[in-house]
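Taking it in order: structure first as structure tokens, then the write-up.
The values are calculated or read from the model by the stated rules, or taken from the named source; none is laboratory data. For clarity, every value in this text was computed on a predicted model and none was experimentally measured. Cβ: placed from backbone, ideal geometry, glycine included. Neighbour counts: every protein chain shown. The accessibility values were calculated without ligands, DNA or RNA, using every heavy atom of the protein model including side chains. Shrake-Rupley method; radii C 1.70, N 1.55, O 1.52, S 1.80 Å.
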Amino acid sequence: MQRKRYPIEFKQQLVQEAQDAGNASQVARRHGIDAKMLYRWIRDSKHADWKNTPAEAKAVTSYTPSPGEFRELETENDQLKKLLGEKDLEIEPNWCYVFFRGVRQLF
């Protein structure tokens, strides 16, 4: 059995009709097509809007900090690294004690 192909105008008409009616299943039944196919056309039409959007509208700008802000961020990052290292040193001896105490209990 061969696949039936529908013209783009027909698809657009049914998508618009389904959006206006608010019930895609009913529109699909009325036109004798599978509801899943109409739902796929609706989903694809939403993506088509993104494809037709101009590139300038899709452009995402990135934030570049000024040299002063960059220095502040580096300083804060260094402070956080130092705090994290100190916390690791505080936690490590406790883990060694717990580990060796558990090993001692095994023997």
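Mind counting the residues in the range 12-33 that are part of a loop (DSSP other than H, G, I, E, B) and over 30 Å from the mean Cα position of the chain (by Cα)? Before the answer, list the steps.
Just the residues of the range 12-33 that are part of a loop (DSSP other than H, G, I, E, B), to begin with: 22-23, 32-33.
Among the residues that remain, those that are also over 30 Å from the mean Cα position of the chain (by Cα) are: 32-33.
Count: 2.
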List every residue pair whose Cβ atoms sit under 7 Å apart, with the two residues 6 or more apart in sequence or on different chains, where the first one lies in the range 25-47 and is aromatic (Phe, Trp, Tyr) and the second, anywhere, is in a helix (DSSP H, G or I). 39/24; 41/11; 41/14; 41/15
For the range 54-94, what are the residues that are at pLDDT 75 or above, part of a helix (DSSP H, G or I) and open to solvent by less than 80 Å² (accessible area, probe 1.4 Å)? 68, 69, 75, 77, 85
Given the condition in contact with a helix residue (DSSP H, G or I) (Cβ under 7 Å, 6 or more places away or on another chain), at pLDDT below 90 and open to solvent by less than 50 Å² (accessible area, probe 1.4 Å), answer yes or no: does some residue in the range 33-53 qualify? yes
